[in-house]
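In what follows, a structure is listed as structure tokens, so that the remarks can point back to it.
The values are calculated or read from the model by the stated rules, or taken from the named source; none is laboratory data. This structure is a prediction, so every number in the text was calculated from the model and none was measured. Note that we place each Cβ from the backbone using ideal geometry, even for glycine, and neighbour counts take in every protein chain shown.
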């Protein structure tokens, strides 16, 4: 297995629609304002989160259960900035839509800019032949409110290509998150 470079990412995005929309370079400024970078890096792709957020709330005093998740545990917002309460978390989705090739495993990791502020992005694999918008999980590990910026870089995707195709892909299995469009809650 080998990690893929910016040239490979560009070719896969442009020829096979692996990432849409795709930014071939690293974007660090917008209209003269600094932003958390996104786009193609040397050996990965920095994704942005969309303006859709689900912020965890405990107003209903429910138990968090992945087998019977209560959607009222979240407050939905659409904004350019999401404020995550102290010691809480929020869900968002990528701006980018992914189509992962059959010989590729993709790993989503947090960006150091956010990690250095105590905001952790859950490590998430994108399996061979998975496609959709990635649901991102942000944990605010600090005792203070924390900001996440929409339409700016929030996580990095690393692409690992095998020298052989997998026997059974995510698509072959009929994975429950295949083709997801918005911020997707847990499914069983």
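Given the criteria surrounded by fewer than 16 Cβ atoms within 10 Å (Cβ to Cβ) and closer than 16 Å to residue 90 by Cα, does residue 144 qualify?
yes
So, in region 24-61, of the ones that are assigned to a strand (DSSP E or B) and modelled with pLDDT under 90, which residue ends up nearest to residue 159 (Cα to Cα)? So that I can check it myself, show each step before the final result.
First, the residues of region 24-61 that are assigned to a strand (DSSP E or B): 26-30, 33-41, 44-56.
Those still in the list that are modelled with pLDDT under 90 too: 28-30, 33-35, 56.
Numbers: 28: 22, 29: 25, 30: 27, 33: 30, 34: 27, 35: 24, 56: 30 Å.
Filtering region 24-61 for residues that are assigned to a strand (DSSP E or B) and modelled with pLDDT under 90, the one nearest to residue 159 (Cα to Cα) comes out as 28.
Which of the residues spanning region 2-23 are surrounded by 12 or more Cβ atoms within 10 Å (Cβ to Cβ), part of a loop (DSSP other than H, G, I, E, B) and at negative phi? Full working, then the answer.
At the first step, the residues of region 2-23 found to be surrounded by 12 or more Cβ atoms within 10 Å (Cβ to Cβ) are 3-6, 8-14, 17-19, 22-23.
Now narrow it down to the ones that are part of a loop (DSSP other than H, G, I, E, B): 4-5, 17-18, 22-23.
Listed by number, the residues that qualify are 4, 5, 18, 22, 23.
Can we say residue 64 is modelled with pLDDT of 95 or more and either in a helix (DSSP H, G or I) or out of contact with any helix residue (DSSP H, G or I) (no Cβ under 6 Å at 6 or more places or on another chain) (or both)? Steps first, answer last, please.
On the way: modelled with pLDDT of 95 or more: no; either in a helix (DSSP H, G or I) or out of contact with any helix residue (DSSP H, G or I) (no Cβ under 6 Å at 6 or more places or on another chain) (or both): yes.
In short, no.
Table: residues versus (1) on the phi < 0 side of the Ramachandran plot; (2) modelled with pLDDT of 95 or more; (3) assigned to a strand (DSSP E or B).
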| residue | (1), (2), (3) |
| --- | --- |
| 68 | yes, no, no |
| 83 | yes, yes, yes |
| 87 | no, no, no |
| 93 | yes, yes, yes |
| 105 | yes, yes, yes |
| 151 | no, yes, no |
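Could you look through region 40-63, keep only residues that are surrounded by 12 or more Cβ atoms within 10 Å (Cβ to Cβ) and free of Cβ contacts under 8 Å to residues at least 60 places away in the same chain, and pick out the one that is farthest from residue 106 (Cα to Cα)?
Taking region 40-63 and keeping what is surrounded by 12 or more Cβ atoms within 10 Å (Cβ to Cβ), we get 40-41, 43-57, 62.
If we keep only those that are free of Cβ contacts under 8 Å to residues at least 60 places away in the same chain as well, we get 40, 55-57, 62.
Details: 40: 14, 55: 26, 56: 27, 57: 30, 62: 33 Å.
So the residue we want is 62.
Which numbered condition trips up residue 98, out of (1) in a loop (DSSP other than H, G, I, E, B); (2) under 30 Å from residue 164 (Cβ atoms)?
The one condition residue 98 does not meet is (1).
Quick check on my filter: what residues within region 111-149 are under 14 Å from the mean Cα position of the chain (by Cα), within 22 Å of residue 51 (Cα to Cα) and not in a strand (DSSP E or B)?
111, 114, 122, 123
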